[in-house]
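Read the figures in this text as sums done on the coordinates, not as results from a lab. Small disclaimer: the values here were computed from a predicted structure and weren't measured. Backbone-built Cβ (ideal geometry, glycine too); neighbour counts: all protein chains shown.
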Ligand code: ASP
């Protein structure tokens, strides 16, 4: 019997971790396996997002349905991100992981190594690409999404002859990209082995102890959102057993964890949500590519908790008003963060700036956070991707689509 893909991936993860622990020096030899796999996935992302959103929007047809679907998607994204932020805010205020922290001397990474993401206004402005071809060439996903939505909408306004041609063309591109994806997914266990070896070998274990409380606070918050908040939302809107969904998404979650990238996981997410949950291509092709870039619950929680942690460590009390500013900028930062490794950490500068914490000591702390970011990034990416997949299912269900999972209370089919 052939082992299911997610089991193959889990075994590869365990072997990768073991390999990196036992043969740390040999990791550079296997690391290319992970890099090749990520490159293959990244290769399909731009044409996949473009063709998927264009077909999605053009397929929805009239502007009323588009508005309805867009409205639901937006509402889901905002609500779940705010709920995640609320969890992060509460935990950081209760646990106070930053109080009494003394790690400034241990900084090994210069904050200058981090890229400056620009201001909130910049992020909003950048959504409109001046040149869609350049946006595609540079992998500017927000720009691609914006262009694809309005282009897809323009298609619906064309005379039938042209709209049919364009729809058929982009549908064909989309299907070709999904066919490619399926071929690439078969390599997942090999790729994941390389990715996990690399991740484990590069973790700064020395600092883990110093900022252990901070890491545990974030992990606890992510777990609450992943194991309690999201399943409740899933159940409330679909009346199905959340475990069925989590089981169906096992390979997707393992990939998000190994690669720390929502974007690179997107091809797998679309595949699983359509094939295993039974969501139509119309909904998944609209909701998921946007979700992979805009809807990042884990990252939103992290932005909020991370900034409060820094404020606590520096002894800067943040009042109610300022915490409110953190909440809103954390949301914006999570929207603006790209679906790539450590993007969320870089965005933390925006939130820091919004509350006026711009001292070198604060940046030094971000340096420490970078050193221990990899495991946190892995977990928040799983949360990000899970929330996207639940969003697609909840929205599909609200549009009257029939889902594939067994009904609650009935026995599972294999
Ligand atoms: N790596 C995350 C993602 O791709 C973003 C982040 O760094 O928070 O979803």
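Modelling each spin label as a point 7 Å along the Cα-to-Cβ direction, I'd like the residue 7/residue 228 distance in nm, to one decimal.
Those two pseudo-labels are separated by 3.3 nm.
Taking 8 Å as the Cα distance limit and 6 or more residues as the minimum spacing, I'd like the relative contact order of segment 189-271 as a percentage. Each step should come with its number before you reach the end.
Numbers: 22 pairs, mean separation 24.8, N = 83.
Answer for segment 189-271 is 30 percent.
Based on the Kirkwood radius over alpha-carbon pairs, what is the Stokes-Einstein translational diffusion coefficient of segment 260-414 at 25 °C with 0.890 mPa s viscosity, in µm²/s? If you can, show how the numbers build up before the last one.
Numbers: Rh = 16.8 Å.
Reported coefficient: 146 µm²/s.
For the Cα atoms of the chain, what angle does the longest principal axis make with the long axis of helix 373-398, in degrees from 0 to 90, nearest 10?
Orientation of helix 373-398: about 30 degrees from the principal axis.
What's the FRET efficiency of residue 63 with residue 316 using the Cβ-Cβ distance as r and R₀ = 60 Å, to the nearest 0.05? Please report the intermediate quantities before stating the final value.
Working: r = 48 Å, r/R0 = 0.79.
Taking R0 as 60 Å, the efficiency between residue 63 and residue 316 is 0.80.
Using helices alone, what [θ] at 222 nm do you get for the chain, with -39,500 (n - 2.57) per DSSP H run of 4 or more residues, divided over all residues and rounded to the nearest 500?
So the calculated ellipticity at 222 nm is -24500 deg cm²/dmol.
Please arrange 255, 378, 369 by how many other C-beta atoms lie within 10 Å of their C-beta, fewest to most. Each step should come with its number before you reach the end.
Details: 255 31, 378 19, 369 24.
So the ranking, lowest neighbour count to highest, is 378, 369, 255.
Nearest 10 degrees is fine. How inclined is helix 250-259 to the longest principal axis of the chain, computing both from alpha carbons?
Helix 250-259 and the main axis of the chain meet at about 50 degrees.
Multiply the residue gap between residue 187 and residue 361 by 0.36 nm, knock off their C-alpha separation, and tell me the result in nm, one decimal place.
Details: separation 174, 0.36 × 174 = 62.64 nm, distance 4.35 nm.
Here the segment from residue 187 to residue 361 would lengthen by 58.3 nm.
Relative to the compact-globule scaling 2.2 N^0.38 Å, provide the ratio for the alpha-carbon radius of gyration of the chain. Numbers along the way, then the final one.
Details: Rg = 21.1 Å, N = 414, 2.2 N^0.38 = 21.7 Å.
The value comes to 0.97.
Consider a paramagnetic label point 7 Å from the Cα of residue 82 along Cα→Cβ; state which residues of segment 315-352 have an amide N under 18 Å from it.
321-336
To test your reading of the geometry: what angle, between 0 and 90 degrees and rounded to tens, separates the Cα axis of helix 212-224 from the longest principal axis of the chain?
Orientation of helix 212-224: about 30 degrees from the principal axis.
For residue 164 and residue 18 in one chain, what is 0.36 nm times their gap in residues minus the Cα-Cα distance, to one decimal in nm?
Details: separation 146, 0.36 × 146 = 52.56 nm, distance 5.30 nm.
Computed gain between residue 164 and residue 18 is 47.3 nm.
Pulled fully out, how much extra length does the chain show between residue 202 and residue 402, if you take 0.36 nm times their separation in residues and subtract their Cα-Cα distance?
Additional length available on full extension: 67.6 nm.
Let me see the pair-distance distribution of segment 213-314: every alpha carbon pair, 10 Å bin width, integer percents in order.
Distribution as computed: 14, 40, 33, 11, 2 percent.
Pop a pseudo-label 7 angstrom from the Cα along the beta-carbon direction at both residue 35 and residue 133 and give the gap in nm to one decimal.
In this crude label model, residue 35 to residue 133 measures out at 3.0 nm.
Counting only the backbone N, which residues of segment 268-293 are under 15 Å from the spot 7 Å out from the Cα of residue 172 toward its beta-carbon?
none
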